[in-house]
Amino acid sequence: MPESAQHWPAPTARTPVDTNVGLPGSKSMTNRALVLAALSETPGTVRRPLRSRDTDLMAAGLRSLGIGVAESGPDWEVAPARPRGPAHVG
């Protein structure tokens, strides 16, 4: 390994860092966020969910149980409610 590759100094910030980092989507995290929002006491927003067949089915399942899941641009607005059935997701 070349000498320069062994002793590369990590960059450091000279002032405080204030930033937002966007993470790649995850089906499991999106589904968990939908369920947690559905069980919440107040309406919530799932920001920039990963849209896939799995997450669309989770949203449809929650809707069939009486939970409000509505698209709002790139986000989902979730209006919690007491789940009711029977429900069917196709």
Rounded percent of accessible protein surface that carbon and sulfur make up, the chain, 1.4 Å probe: 56 percent
Relative contact order of the chain, defined on C-alpha pairs under 8 angstrom at six or more residues apart (%): 26 percent
Per residue solvent-accessible surface (Å²) - the chain, probe of 1.4 Å: 79 Å²
Principal-axis tilt of helix 53-64 within the chain, Cα atoms, nearest 10 degrees: 40 degrees
Largest to smallest principal axis extent of the C-alpha atoms in the chain, angstrom: 67, 31, 21
Rounded to the nearest 10 Å², the accessible area of His7 at probe 1.4 Å: 120 Å²
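The values are calculated or read from the model by the stated rules, or taken from the named source; none is laboratory data. Fair warning: this is a prediction, and the values are worked out from it, not measured in the lab. With ligands, DNA and RNA removed, areas are computed over all heavy atoms of the protein, side chains included. Shrake-Rupley method; radii C 1.70, N 1.55, O 1.52, S 1.80 Å.
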